[in-house]
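Peer 1: The structure follows.
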Amino acid sequence: MSVPDSVIRGLNAPNSAPPSTAAAFGGQALDQKAFLRLLTTQLTTQDPFNPVDNTQMVAQMAQFSQVAGIAEMNQSLKSLVASSGSSRLSDASSWIGRSMLVESDVATPLRDGSYAGELTLPKATENTSVSFVDANGAVVHTMELGPRAAGVAAFHWDGRNASGQVVATGPLQVVATASGGTPTIATWTGIAGLQSPANNGEARLVTGLGLLKPSDAIRLA
């Protein structure tokens, strides 16, 4: 069995690397067994008056072992990432059918048609109100929360007017006013589904506010 001159030259070179040897075999990967077979062939066909230097041979074997170790480590990392992604996907799928509180000034109707959320007040206020505005800019409903201490103030509206008629069925902008400063608004939105992540990224939750990340959730209900 003869070995291509290009392969032997590559093995004899002090800085040769297994990828160049693999290229000599038509681009096929060279595993450890094939490398040892090639090395044995080199030893049996070498010039007895000019044998391969032992130092070069050891360097070749060490280099190949290093490349093989890196390949195995990369494979292990890929498996770990895939396993981690599956775990995150499984956890997020358990959220379907629930509601999540997210920082947003847009409220969407929940399962019972109601709208809910929270205001975070920077300091105590004597007057606090929440208004719901439709896409045309019309105020659909206003609710007075009265005086509030600094911190969280929850609000909830059933989507009906004083006569009990449903007056809102879609997304509404939430406008909050407080005498103690501008509050931060967060609203509840329903989770209808889960979008699988791409390239081991984070899964996306299908909600009334669009696609949201699980990390966007302030709280679940």
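Peer 1: Give me the accessible area per residue for region 116-221, probe 1.4 Å, as a whole number in Å². Walk me through the numbers on the way to the answer.
Peer 2: Numbers: 5660 Å² over 106 residues.
Accessible area per residue, region 116-221: 53 Å².
Peer 1: Starting at 0 and stepping by 10 Å, how many percent of the alpha carbon pairs of region 84-216 end up in each bin?
Peer 2: 12, 37, 30, 17, 5, 0
The values are calculated or read from the model by the stated rules, or taken from the named source; none is laboratory data. Since the model is a prediction, treat every value here as computed from it, not as a measurement. The area values use the complete protein model at the heavy-atom level, side chains included, leaving out ligands, DNA and RNA. Shrake-Rupley method; radii C 1.70, N 1.55, O 1.52, S 1.80 Å.
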